[in-house]
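**Q** Below you'll find the structure I mean.
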Ligand SMILES: [Zn+2]
């Protein structure tokens with residue numbers, strides 16, 4: 001049983017702590033014309049994207065979707081719906097749905113986020129889609145972390161904190177005049193965007209961080225304040241304020257002091273805990289057709305389960321050192337489970353047909369070509385060392 005399953009079964013003993021939402025979290029709210037739910041797949045680890053077959057099927061629909069996504073993200077919504085990052089991806093709480101809770105990221109959102117806010121970056125589309133994925137994932141992981149912290153307080157106080165807070169919150173939206181968009185807790189969105197920027201800032205070049213910052217600047221109140229909460233102190237305060245918001249009423253009743261600056265509430269969030277974060281299921285929704293993009297234009301690659309070795313490859317393989325041959329056999333098994341991160345597995349720039357390079361030991365590489373549409377097997381087309389493979 002997973003950690004969260006254990007938490008859920010404990011919460012079941014607290015009256016009103018859990019509910020069963022009728023909603024289907026894999027459906028994007030109010031997308032018109034979508035009758036069938038898009039196919040969803042579970043994503044583990046760090047996926048890689050391939051847009052080698054990018055093609056727009058319906059230019060008018062694509063333009064319309066871009067404009068409506070921009071308006072939703074920037075808070076100019078005309079009909080009811082989610083705004084800010086939640087217009088692109090969302091987290092469904094285990095408090096509301098014990099079976100299908102988790103993070104949902106549609107492929108269409110990656111394409112839209114890229115087109116609207118990332119396309120000027122001097123990177124190829126596959127890398128920008130990967131960036132879009134991490135922007136959405138890091139933001140939503142913060143919502144999971146807050147949910148998780150709330151559950152701990154619920155177990156301590158034996159009280160239905162999260163659902164009661166949400167019920168009160170939804171009953172009195174903070175801006176009564178604005179009834180067109182869903183109410184959201186502004187400080188939690190500040191913390192979520194700050195967390196996302198902090199995560200990107202650790203590894204990404206300055207230019208990427210600047211571009212993502214201007215994406216955040218365009219988002220509505222709460223979200224855009226994430227820009228001012230990326231420092232350690234401001235971030236800890238945004239997280240503490242988020243938890244205090246959930247706990248306010250209960251803190252009075254139970255005489256909890258959540259105000260002490262020496263008590264770092266940030267530590268209650270499992271953000272640095274890879275195992276805890278891995279408990280939160282992430283699902284990708286294959287909904288490209290709904291925005292006028294040809295299905296298969298963006299593919300998320302998590303593993304390679306089937307490989308056909310070309311004759312040329314077999315000939316080259318026979319000439320290799322036994323150690324290299326053994327390494328390839330081992331690697332073939334590993335990539336059935338997951339792919340290594342770039343540059344250990346990466347698409348080669350400007351190769352036709354599109355070709356990926358997988359690093360083996362001692363500078364050796366295997367070149368792989370993705371499956372043709374409708375087929376599943378990758379083709380291993382060449383093996384050799386760095387020089388032989390034309391990597392210069
Ligand atoms: Zn959010």
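The values are calculated or read from the model by the stated rules, or taken from the named source; none is laboratory data. Since the model is a prediction, treat every value here as computed from it, not as a measurement. A quick note on method: Cβ atoms are made from the backbone with ideal geometry, for glycine too, and the neighbour counts reach across all protein chains shown.
**Q** For residue 230, only one of the following conditions fails: (1) away from the ligand (no atom under 14 Å from the Cβ); (2) touching a residue at least 60 places away in the same chain (Cβ under 8 Å); (3) closer than 26 Å to residue 127 by Cβ; (4) surrounded by 15 or more Cβ atoms within 10 Å (Cβ to Cβ). What is its number?
**A** Here residue 230 clears every test but (2).
**Q** A further question follows. Among the residues of the stretch 356-388, which ones are assigned to a loop (DSSP other than H, G, I, E, B) and surrounded by fewer than 19 Cβ atoms within 10 Å (Cβ to Cβ)?
**A** First, pick out the residues of the stretch 356-388 that are assigned to a loop (DSSP other than H, G, I, E, B): 360, 370-377, 386-388.
Within the stretch 356-388, 371, 372, 373, 374, 375, 376, 377, 386, 387, 388 meet the criteria.
**Q** Hey, among 208, 187, which residue is at pLDDT 90 or above, surrounded by 18 or more Cβ atoms within 10 Å (Cβ to Cβ) and within 16 Å of the ligand (Cβ to nearest atom)?
**A** Details: 208 fails: within 16 Å of the ligand (Cβ to nearest atom).
Every option except 187 fails the conditions.
**Q** Please state which of the following conditions residue 169 fails to meet, knowing it meets all the rest: (1) under 29 Å from residue 267 (Cβ atoms); (2) over 19 Å from the mean Cα position of the chain (by Cα); (3) away from the ligand (no atom under 15 Å from the Cβ); (4) modelled with pLDDT under 90.
**A** Of the numbered conditions (1) under 29 Å from residue 267 (Cβ atoms); (2) over 19 Å from the mean Cα position of the chain (by Cα); (3) away from the ligand (no atom under 15 Å from the Cβ); (4) modelled with pLDDT under 90, the odd one out for residue 169 is (3).
**Q** When the stretch 75-95 is examined, which residues are found to be modelled with pLDDT of 95 or more and away from the ligand (no atom under 13 Å from the Cβ)?
**A** 94, 95
**Q** Given the structure, is residue 234 closer than 21 Å to residue 270 by Cβ, in contact with a helix residue (DSSP H, G or I) (Cβ under 6 Å, 6 or more places away or on another chain) and either in the same structural domain as residue 10 (by TED's automatic domain parsing) or not in a helix (DSSP H, G or I) (or both)?
**A** Here the answer is no, as residue 234 does not meet what is asked.
**Q** Here is a list: 222, 201, 226. Which entry is outside any helix (DSSP H, G or I) and in the same structural domain as residue 135 (by TED's automatic domain parsing)? Write out each step before concluding.
**A** Working: 201 fails: outside any helix (DSSP H, G or I); 226 fails: outside any helix (DSSP H, G or I).
Step by step, each of 222, 201, 226 is checked, and only 222 is outside any helix (DSSP H, G or I) and in the same structural domain as residue 135 (by TED's automatic domain parsing).
**Q** Here is a further query. Only one of (1) more than 20 Å from residue 186 (Cβ to Cβ); (2) in contact with a helix residue (DSSP H, G or I) (Cβ under 9 Å, 6 or more places away or on another chain); (3) more than 16 Å from the ligand (Cβ to nearest atom) is not met by residue 272, so which one is it?
**A** (2)
**Q** Restricting to the stretch 42-63, name every residue that is assigned to a helix (DSSP H, G or I) and modelled with pLDDT under 95.
**A** Keep residues of the stretch 42-63 that are assigned to a helix (DSSP H, G or I), which gives 59-63.
Passing the criteria: none in range.
**Q** Going through the stretch 124-140 one residue at a time, which ones are within 20 Å of residue 275 (Cβ to Cβ) and surrounded by 24 or more Cβ atoms within 10 Å (Cβ to Cβ)? Even if it seems obvious, please write down each step before you answer.
**A** First pass over the stretch 124-140, keeping only residues within 20 Å of residue 275 (Cβ to Cβ): 134, 137-138, 140.
Selection gives 140 alone.
**Q** Taking residue 213, is it away from the ligand (no atom under 15 Å from the Cβ), over 23 Å from the mean Cα position of the chain (by Cα) and either surrounded by fewer than 17 Cβ atoms within 10 Å (Cβ to Cβ) or without any contact (Cβ under 8 Å) to a residue 24 or more places away in the chain (or both)?
**A** Details: away from the ligand (no atom under 15 Å from the Cβ): yes; over 23 Å from the mean Cα position of the chain (by Cα): no; either surrounded by fewer than 17 Cβ atoms within 10 Å (Cβ to Cβ) or without any contact (Cβ under 8 Å) to a residue 24 or more places away in the chain (or both): yes.
Considered against the rule, which asks whether it is away from the ligand (no atom under 15 Å from the Cβ), over 23 Å from the mean Cα position of the chain (by Cα) and either surrounded by fewer than 17 Cβ atoms within 10 Å (Cβ to Cβ) or without any contact (Cβ under 8 Å) to a residue 24 or more places away in the chain (or both), residue 213 comes out as no.
**Q** If I filter the stretch 73-111 down to residues being assigned to a helix (DSSP H, G or I) and over 18 Å from residue 212 (Cβ atoms), which single residue comes out as farthest from the chain's Cα centre (by Cα)? Write out each step before concluding.
**A** Taking the stretch 73-111 first, the residues assigned to a helix (DSSP H, G or I) are 73, 84-87, 107-111.
Add one more test, that the residue is over 18 Å from residue 212 (Cβ atoms), and what stays is 107-108.
Values: 107: 10, 108: 13 Å.
Among those residues, the one meeting the criterion is 108.
**Q** Is it the case that residue 157 is within 16 Å of the ligand (Cβ to nearest atom) and assigned by TED's automatic domain parsing to the domain that holds residue 218?
**A** On the way: within 16 Å of the ligand (Cβ to nearest atom): no; assigned by TED's automatic domain parsing to the domain that holds residue 218: yes.
Spelling it out, it is not the case that residue 157 is within 16 Å of the ligand (Cβ to nearest atom) and assigned by TED's automatic domain parsing to the domain that holds residue 218.
**Q** Among 277, 249, 258, 266, which is assigned by TED's automatic domain parsing to the domain that holds residue 45 and closer than 26 Å to residue 99 by Cβ? Before the answer, list the steps.
**A** On the way: 249 fails: closer than 26 Å to residue 99 by Cβ; 258 fails: closer than 26 Å to residue 99 by Cβ; 266 fails: closer than 26 Å to residue 99 by Cβ.
The conditions single out 277.
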